[in-house]
């Protein structure tokens, strides 16, 4: 991505005026002073981020900046060398990934992780069942989510037979079947063509209003990020270099410098 790409998209949506659903106001997801080290190398250096219910935050940065590592840290996929993660008043640092998921934090991965030997419908149903829904309720929820993400025609296909774009949409539908309070998406538009990306962006934009959840999005497509997000958080070399409104951040000298001569890539 170049400096021209940073300013090439339309205006970001206004932040929501209120929190929808049954999420109590103020029950934010907070990562404070996060440090992650791999074999003595510091991948994240005292990174702090707050995600409130009902808002969409874009997490961006050059290739290798630590975006995916931050999602992994929040969701318990990697241990913290320092810092902590809280959900409302409860600390969730150190909990296993499944326990964090059951607290209401769902995520997607750069490469979709599905049950390839199950059908698309079954993939979504299993998530609802794991959350405690009855089989009948899980089936109804899966049908509604497949319709929402234009996947009805794929309902009986094995997940392993899908193309990468359909797999990504199934993964998001499956995450939503768990009724999360916060959803962390790692490059949700990867593998989608322009029409599919536009449709997905419309669906994601509706989620905070329809469900009251907070949405954190990592993506290299700045047109998606700038059109969807209320705020941006920028990483470079494992450190926060800017955060704030989209217009403010995309004009920030440190952000422009970090992207000069580089392409936005996967963390």
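Bear in mind that the values in this text are calculations on the coordinates, not laboratory data. What you see is a predicted model, and the numbers here were worked out from it, not measured in a lab. Heads up, the Cβs are rebuilt from the backbone with ideal geometry, glycines too, and the neighbour counts pull from every protein chain shown.
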- Message: Can you give the log10 of the normalised intensity I(q)/I(0) at q = 0.14, 0.22, 0.27 Å⁻¹, computed with Debye over equal Cα scatterers of segment 82-155?
- Response: -0.57, -1.05, -1.27
- Item | Pairs of alpha carbons in segment 101-225 whose separation is greater than 27 Å (percent) | 9
- Note on the structure: Note: probe point = Cα of residue 254 + 7 Å toward Cβ; backbone nitrogen < 19 Å; residues of segment 62-76 passing the test are 62-71
- Item | Acute angle (nearest 10 degrees) that the helix 194-211 long axis makes with the longest principal axis of the chain, alpha-carbon atoms | 80
- Estimated [θ] at 222 nm from DSSP helical runs (n ≥ 4, -39500 (n - 2.57)) normalised by residues in the chain, nearest 500: -10500 deg cm²/dmol
- Query: Where both residues lie in the chain, what percent of DSSP beta bridges are antiparallel, nearest 5?
  - Reply: 60
- Query: With axes computed from alpha carbons, what is the tilt in degrees of helix 164-177 against the longest principal axis of the chain, rounded to the nearest 10 within 0 to 90?
  - Reply: 80
- Alpha carbon Rg of the chain, scaled by the compact-globule rule 2.2 N^0.38 Å: 0.97
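Tell me, in nm to one decimal, what length is gained between residue 206 and residue 35 on full extension, where the rule is 0.36 nm per residue of separation less the Cα-Cα distance?
Values: separation 171, 0.36 × 171 = 61.56 nm, distance 3.29 nm.
58.3 nm is the gain from fully extending residue 206 to residue 35.
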- Task: Could you work out how far apart the two model spin labels at residue 111 and residue 130 are, taking each label as a point 7 Å from the Cα in the direction of the beta carbon, and quote it in nm?
- Result: 1.9
